[in-house]
1. What percentage of the solvent-accessible surface of the range 42-194, computed with a 1.4 Å probe over protein heavy atoms, is contributed by carbon and sulfur atoms?
2. Full-extension gain between residue 136 and residue 189, please, as 0.36 nm times their residue separation minus the C-alpha to C-alpha distance.
3. If you work out Cα extents along the principal axes in Å from the coordinates, which of (i) 52, 45, 29; (ii) 47, 39, 29; (iii) 52, 39, 36 do you get?
4. Over 20 Å between Cα atoms: which of 32/103; 34/103; 96/152; 103/152 fall into that group?
5. Counting only C-alpha contacts under 8 Å and six or more residues apart, can you give the relative contact order of the chain as a whole percent?
6. Suppose all protein chains stay in the model; what accessible area per residue would a 1.4 Å probe give for the range 24-133, in Å²?
7. Please compute the length gained on full extension between residue 177 and residue 5, using 0.36 nm multiplied by the number of residues separating them and subtracting their Cα-Cα distance.
8. Provide the solvent-accessible area of residue 1, counting protein heavy atoms only and rolling a 1.4 Å probe, rounded to the nearest 10 Å².
Amino acid sequence: RYNSDGSLDTSFDTDGIVLTQISASNEDYGKKVKIQPDGKILVAVQSRIDFNYDFVLVRYNSDGSLDTSFNTDGIARTILTGNDAIYDITLQNDGKIIAVGYKSNTNDDAFAARYNADGSIDTGFGTSGFFEYDIANGHNYATAVAVATDNKIIIGGRYTNGAISSPFVMRLNANGTFDNTFDSDGVFLQTNDE
């Protein structure tokens, strides 16, 4: 953490720098950071164990220490089958956390997970806490997420169909189902260069 003049803030973990070893992982990439209203720091991490990537959330207290009220050790790892890349996170007003990316299946599917404020999976979202959608027979990546004022969830990304790679936008209801009032089926696919 830096002070406003660019110098390291030594009140943050005594030297301004926090390094966190995530158990059993070979490599970890911080992808997004969100500051919660209470000052806690939430980091989305793409973490690899052997050849499989997982969604990982790490939460720190404002002083840089791990927040042990979050999944007991400050780290919430979601292990699914295959590779799962996390790209973005957002916070809901009720403290719940939405993470998006992709899940490796026959193809790479657009994927979202919702967590309770304590780091546990919110099983009331989508199917047992997860939303997954295969847009086309290729690679589908959810790369951005936001929550609207009506609590609907907006997800953007890219999908590949053959040699064509195009953007998409989808809107979900607060419970993780498609909002069919958005483009009649909940998802808008850009299919040309207009």
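The values are calculated or read from the model by the stated rules, or taken from the named source; none is laboratory data. Because the structure is a prediction, the values reported are computed rather than measured. With ligands, DNA and RNA removed, areas are computed over all heavy atoms of the protein, side chains included. Shrake-Rupley method; radii C 1.70, N 1.55, O 1.52, S 1.80 Å.
1. Of the solvent-accessible surface of the range 42-194, carbon and sulfur hold 48 percent.
2. That pair, residue 136 and residue 189, stretches by 18.1 nm at full extension.
3. Matching the structure shown: (iii).
4. Pairs exceeding 20 Å: 34/103; 103/152.
5. Relative contact order comes out at 11 percent.
6. 43 Å²
7. Additional length available on full extension: 57.4 nm.
8. For residue 1, the solvent-accessible surface is approximately 90 Å².
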